[in-house]
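A short reminder: the numbers here are calculations on the coordinates, not readings from a lab. Because the structure is predicted, anything quoted here is derived from the model rather than measured. Positions of Cβ are backbone-derived with ideal geometry, glycine not excepted, and every protein chain shown enters the neighbour counts.
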Amino acid sequence: MTPEIREFLTGARWPGVLSTLKPDGAPRTSAVWFALEGDAIIISTPASRPKARNARNDARVSFIVDTRERPYRGVAIEGIAEVIEDPARRSMRAIAERYLGPTLPEEMEQRIAGAERVMLRIAPSRIRPWGFA
């Protein structure tokens with residue numbers, strides 16, 4: 001991952017799009033908040049959600065972040081998602097603070113404290129940027 005792509009992803013404060021594979025091989029796509037940890041994409045999700053179940057069954061995923069406005073820029077990442085238990089909800093708190101700041105609204109605190117969560121850690125195997133110099 002180049003410094004320019006890392007800077008783009010770190011600065012993006014809008015959702016990315018995650019695609020996982022259902023048991024029948026069909027894609028399932030979700031808009032998700034994310035963070036960057038080294039070169040890995042980090043996503044937090046309730047452990048019972050389809051994206052977590054799908055990643056446990058087939059770790060191949062794709063993830064896209066783009067500006068959706070001119071000048072168009074974006075990054076498509078294909079990789080392998082590791083599903084990591086997150087009982088302390090560390091990843092959800094870090095991602096929420098990235099989007100909302102260090103003082104989280106009560107609604108978000110309740111969401112973090114709610115359902116059991118896992119972290120999807122996506123190790124990129126292919127990175128395809130567009131709109132970069």
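Here is a yes/no grid of residues against (1) farther than 15 Å from I127 by Cβ; (2) within 11 Å of the chain's Cα centre (by Cα):
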position: T2; (1), (2): no, no
position: A35; (1), (2): yes, yes
position: V65; (1), (2): no, yes
position: R70; (1), (2): yes, no
position: P87; (1), (2): yes, no
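Here S19, S62 are screened, and the one residue that is part of a strand (DSSP E or B), in contact with an Asp or Glu (Cβ under 7 Å, 6 or more places away or on another chain) and over 24 Å from G101 (Cβ atoms) is S62. Considering each of V32, V65, V17, V61 in turn, give the residue that is β-branched (V, I, T), within 15 Å of A94 (Cα to Cα) and surrounded by 14 or more Cβ atoms within 10 Å (Cβ to Cβ). Step by step, each of V32, V65, V17, V61 is checked, and only V32 is β-branched (V, I, T), within 15 Å of A94 (Cα to Cα) and surrounded by 14 or more Cβ atoms within 10 Å (Cβ to Cβ).
Can we say L9 is in contact with a helix residue (DSSP H, G or I) (Cβ under 9 Å, 6 or more places away or on another chain) and surrounded by 13 or more Cβ atoms within 10 Å (Cβ to Cβ)? Answer is no for this residue.
Tally time: how many residues in the range 74-86 are assigned to a strand (DSSP E or B) and closer than 27 Å to I112 by Cα?
Matching residues across the range 74-86 total 8.
Regarding P71, is this residue in contact with a Gly (Cβ under 7 Å, 6 or more places away or on another chain) and either loosely packed, with under 13 Cβ neighbours inside 10 Å or part of a loop (DSSP other than H, G, I, E, B) (or both)? The answer is yes for P71. Screening R121, R60 for residues that are within 12 Å of the chain's Cα centre (by Cα) and of a type in the set (K, R) leaves exactly one candidate, R121.
Those residues that are within 26 Å of P3 (Cα to Cα) and either of a type outside the set (D, E) or surrounded by 15 or more Cβ atoms within 10 Å (Cβ to Cβ) (or both), I need them from the range 84-112; list them, please. So that I can check it myself, show each step before the final result.
Quick first cut of the range 84-112, residues within 26 Å of P3 (Cα to Cα) only: 90-102.
Selection gives R90, S91, M92, R93, A94, I95, A96, R98, Y99, L100, G101, P102.
Here is a list: A26, A47, A76. Which entry is within 14 Å of the chain's Cα centre (by Cα) and at negative phi?
Values: A26 fails: within 14 Å of the chain's Cα centre (by Cα); A47 fails: within 14 Å of the chain's Cα centre (by Cα).
Testing whether each residue is within 14 Å of the chain's Cα centre (by Cα) and at negative phi leaves just A76.
Taking the range 15-70 as the range and being without any contact (Cβ under 8 Å) to a residue 60 or more places away in the chain, in contact with a Pro (Cβ under 9 Å, 6 or more places away or on another chain) and not small (G, A, S) as the test, the residues that pass are L21, K22, R28, V32, R53, N54, N57, D58, F63, V65.
For the structure I just gave you, tell me whether R121 is closer than 21 Å to T29 by Cα, exposed (fewer than 14 other Cβ atoms within 10 Å of the Cβ) and in contact (Cβ under 8 Å) with a residue 24 or more places away in the chain. Lay out the reasoning, then the answer.
Numbers: closer than 21 Å to T29 by Cα: yes; exposed (fewer than 14 other Cβ atoms within 10 Å of the Cβ): no; in contact (Cβ under 8 Å) with a residue 24 or more places away in the chain: yes.
Taking the combined requirement at face value, the residue does not satisfy it.
Each row is one residue, and each column tells you yes or no for (1) touching a Phe, Trp or Tyr at 6+ places or on another chain (Cβ under 7 Å); (2) basic (K, R).
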{"site": "R53", "(1), (2)": "no, yes"}
{"site": "R56", "(1), (2)": "no, yes"}
{"site": "V61", "(1), (2)": "no, no"}
{"site": "E69", "(1), (2)": "no, no"}
{"site": "G74", "(1), (2)": "yes, no"}
{"site": "V83", "(1), (2)": "no, no"}
{"site": "R89", "(1), (2)": "no, yes"}
{"site": "A94", "(1), (2)": "no, no"}
{"site": "E97", "(1), (2)": "no, no"}
